[in-house]
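K.L.:
Take a look at this one; I'll ask things after.
The numbers here are math on the coordinates, done by the rules we state, and not lab data. Computed from a predicted model, the values in this text were never measured in an experiment. Quick reminder, even Gly has a Cβ in these numbers, built from the backbone with ideal geometry, and neighbours come from all protein chains shown.
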Amino acid sequence: MTRLSASWLDAPAVQRVCGLLEAAGFRALFVGGCVRNTLLGQPVSDHDLSTDARPERVTEVMQAAGLKVVPTGIEHGTVTVLVGREPFEITTFRRDVETDGRRAVVHFSDRVEEDARRRDFTMNAIYCDRLGLIVDPLNGMPDLQARRLRFVGTAVNRVREDYLRILRFFRFSAWYADPADGIDPEALAACAANVEGLHQISAERIGAEVLKLLAAPDPAPAVAVMQTAGVLAAILPGADVSPLTVLVHLEQMTGTASDPIMRLAALGGEAAPQRLRLSRTEARRLDTLAEAARSDRGAGELGFRLGAVDGRAAVLVRAALIGVAVPPEALAEVALGANAHFPVAAHDLMPGLQGAALGARMRALEQRWIASGFALSRAELLA
């Protein structure tokens, strides 16, 4: 294929930004996810542009056309151009001159070939212009078409430039590689041999990659290889892929949408919220699901206390942890509990009861009501 066809390429904002750069004598090439995903027939969420124009020239060209420019990463050659509310991240061609496993010192370049050689995977080093013409400096198209994930150049060099690429390798394996083709042995060896380098990477970056990996349609095969290679233990000691494998199967059997936090609850691991630097909301939800799945509360009570989504998630995680199927009636009980409303209020027991005694009586009535399948009425509970 030499030309890419996509509706996003025809958008007026896309054509305007590219046209402005080209009219000023510069190249404007889309690269990365927008090109890769379009070629794979998958959704495109952002539009990253590369150019031989230096950041200050990009800024001048766009501002002269009345567009807003934000210097989002200007020290690395990146500015964000806003066309209305639509952002375009434009980055000058670069080449690495120094790396330490976490960050790179870059120099700007006039050549797309140098820009391509500093990228992580061959399938991410494919470019196209605003007409859809493919520019493939490293011949990455055969890899993409075969859904074969390979590092650019020598795998161990790419990994040592940025150890986060170890996790990116498994994330991209889960999302884009053909599982029937197996994992590239050179890449896997480089990841396994440099696993200690992950200790240099911030918890925020690791957590972001893990959640993106767990959002894949079926992350279990990639996580299983991570476990074998020692990568999983390095970032999440105590985690085990076996319940995750069962959970993905249960999701498919029950029509449950993929959910990274639910999957993380099945995967387990010591101090996951801290090691992955989860947000407070994510950490609370993870703890809630993990505790609920290991509790003795019935499916109906889980639905009542956690709601339909998290009650269902807790039931699935529980089944995955013990390796059993989810009884059909369990999901019905979750839905019943989620829609139930406890019919007794505190004032129904006052003034006869106050304080701790009132609280204890309310809890006892609630448990009776739950045990009845949410069937007992207010009158029956108060009788």
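K.L.:
If packing is taken as the average number of other Cβ atoms within 10 Å across a peptide's residues, how do 136-143, 165-172, 253-260 rank, most packed first?
P.N.:
Top to bottom by mean Cβ count within 10 Å: 165-172, 136-143, 253-260.
K.L.:
So how do ARG205, ARG158 line up by other beta-carbon neighbours within 10 Å, fewest first? Walk me through the numbers on the way to the answer.
P.N.:
On the way: ARG205 17, ARG158 24.
By the 10 Å Cβ count, ascending: ARG205, ARG158.
K.L.:
Taking the 0 to 90 degree range and rounding to the nearest ten, how far is the long axis of helix 55-64 tilted relative to the main principal axis of the chain, both from C-alpha atoms?
P.N.:
It is inclined by approximately 80 degrees.
K.L.:
Also: Stokes-Einstein at 10 °C, 1.306 mPa s, Kirkwood radius from Cα pairs: D for the range 237-340 in µm² s⁻¹? Can you show the working numbers first?
P.N.:
Values: Rh = 13.5 Å.
D, rounded to a whole number, is 118 µm²/s.
K.L.:
Further question on the same structure: Would you mind checking the tilt of helix 299-322 against the longest principal axis of the Cα atoms of the chain, expressed as 0 to 90 degrees and rounded to 10?
P.N.:
Helix 299-322 and the main axis of the chain meet at about 70 degrees.
K.L.:
Pull out the extension gain between TRP8 and GLU114, defined as 0.36 nm times the separation in residues minus the alpha carbon to alpha carbon distance; nm, one decimal.
P.N.:
Extra length from TRP8 to GLU114 when fully extended: 35.5 nm.
K.L.:
Once phi is turned into ³J(HN,Hα) by the Karplus curve 6.51 cos²θ - 1.76 cosθ + 1.60 with θ = phi - 60°, what whole-Hz value does each residue of the range 74-86 show in order, with x for glycine and proline?
P.N.:
My calculation for the range 74-86 gives 5, 5, 9, x, 10, 10, 10, 9, 9, 10, x, 9, 8 Hz in order.
K.L.:
Please give me, ordered by residue number, the GluC sites (Glu not before Pro) of the range 169-276 that lie in loop per DSSP and have at most 13 other Cβ atoms within 10 Å.
P.N.:
Values: sites: GLU186, GLU196, GLU204, GLU209, GLU251, GLU270; in loops: GLU270.
Hits after loop and neighbour filter: GLU270.
K.L.:
Please grab the % of Cα pairs in the range 189-247 that end up more than 13 Å from each other. Can you show the working numbers first?
P.N.:
On the way: 1071 of 1711 pairs.
Percentage above 13 Å: 63.
K.L.:
Based on Cβ point charges of +1 for Lys and Arg and -1 for Asp and Glu, what charge dipole magnitude is obtained for the chain about its Cα centre, in debye rounded to the nearest 20? Mind dumping the intermediate values first?
P.N.:
Details: 42 positive and 46 negative charges, 99 e Å.
Taking the Cα centre of the chain as origin, the dipole is about 480 debye.
K.L.:
How long is the range 153-235 along each principal axis, judged by its Cα atoms, biggest number first, in Å?
P.N.:
30, 27, 21
K.L.:
Quick one: what are the phi-derived ³J(HN,Hα) couplings along the range 3-13, Karplus 6.51/-1.76/1.60 with θ = phi - 60°, whole Hz, x for glycine and proline?
P.N.:
9, 9, 10, 7, 5, 5, 5, 7, 4, x, 5
K.L.:
Can you give the charge dipole size of the range 21-158 about its Cα centre, rounded to the nearest 20 debye, using +1 on the beta carbon of Lys and Arg and -1 on the beta carbon of Asp and Glu? Spell out each step's value before the answer.
P.N.:
Values: 19 positive and 20 negative charges, 75 e Å.
In debye, rounded to 20, the range 21-158 gives about 360.
K.L.:
Here's another thing I want to ask about it. Counting only Cα, what are the radius of gyration and maximum Cα-Cα distance Dmax of the chain, in Å?
P.N.:
26.4, 86
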